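Heads up, the thing below is written out as structure tokens.
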Amino acid sequence: MNILDEILKRKNKTFEQLTADERIVYNRWESVLIGGKIDLERLKEFMRSENERLLPVLIDAVREKKESRVVFTAAQLEYGRLILAMLEGPEKSAKFLENYLKRVFSIKE
């Protein structure tokens, strides 16, 4: 049993009972405790999950008319979107070029 399982046990909870935000934190902590290396795919997945997490926060801030929170959260989302685009750029460029060359040279798969 790891320390996170022990904490859940003491709180009389299971992973399934955690909220979406709590699960994100749990998964982050678990990654840190496991000591896994950062790789491009894990970084992309982290950025996607951050963007998914921030969207409801932005919506709530808009509904509650909290202008400073809207600006801050929108900036976080934009930075996350730009970082993800930068990370996915080479892969998308390679796929685009491959498809282009297949069309130009009539290469069928």
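What follows is calculated from the coordinates using simple rules that are stated; it is not laboratory data. Just so we're clear, the structure is a prediction, and the values are computed from it rather than from any experiment. As a convention, Cβ positions derive from the backbone with ideal geometry for all residues, glycine included, and neighbour counts pool all protein chains shown.
The table for this structure:
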read-out: Residue-averaged 222 nm ellipticity for the chain, from DSSP H runs of 4+ at -39500 (n - 2.57), nearest 500; value: -27000 deg cm²/dmol
read-out: Residue of Leu58, Leu33, Leu84 that the Gaussian network model of the chain assigns the largest fluctuation, springs spanning Cα pairs under 10 Å; value: Leu33
read-out: Anchor Lys92: lysines whose Cα lies under 25 Å away (excluding residues fewer than 8 positions away in-chain); value: Lys37, Lys44, Lys102, Lys108
read-out: Point-charge dipole on Cβ atoms (K/R +1, D/E -1) for segment 38-109, about Cα centre, debye to 20; value: 240
read-out: For segment 38-109, projected area of the alpha-carbon convex hull averaged over all directions, nm²; value: 6.7
read-out: Hypothetical label at Thr19: residues of segment 36-59 whose amide nitrogen lies under 20 Å (7 Å Cα-Cβ projection); value: 49-59
read-out: Residue among Tyr79, Val104, Pro56 farthest towards the positive dipole end of segment 38-109, charges placed on Cβ; value: Val104
read-out: Length-normalised contact order for the chain - Cα pairs under 8 Å, 6+ apart - percent; value: 21
read-out: 0 to 90° range, to nearest 10: angle between helix 20-34 axis and the chain longest Cα axis; value: 80
read-out: Which of Lys66, Lys108 has the fewest Cβ neighbours within 10 Å, and the rest in rising order; value: Lys108, Lys66
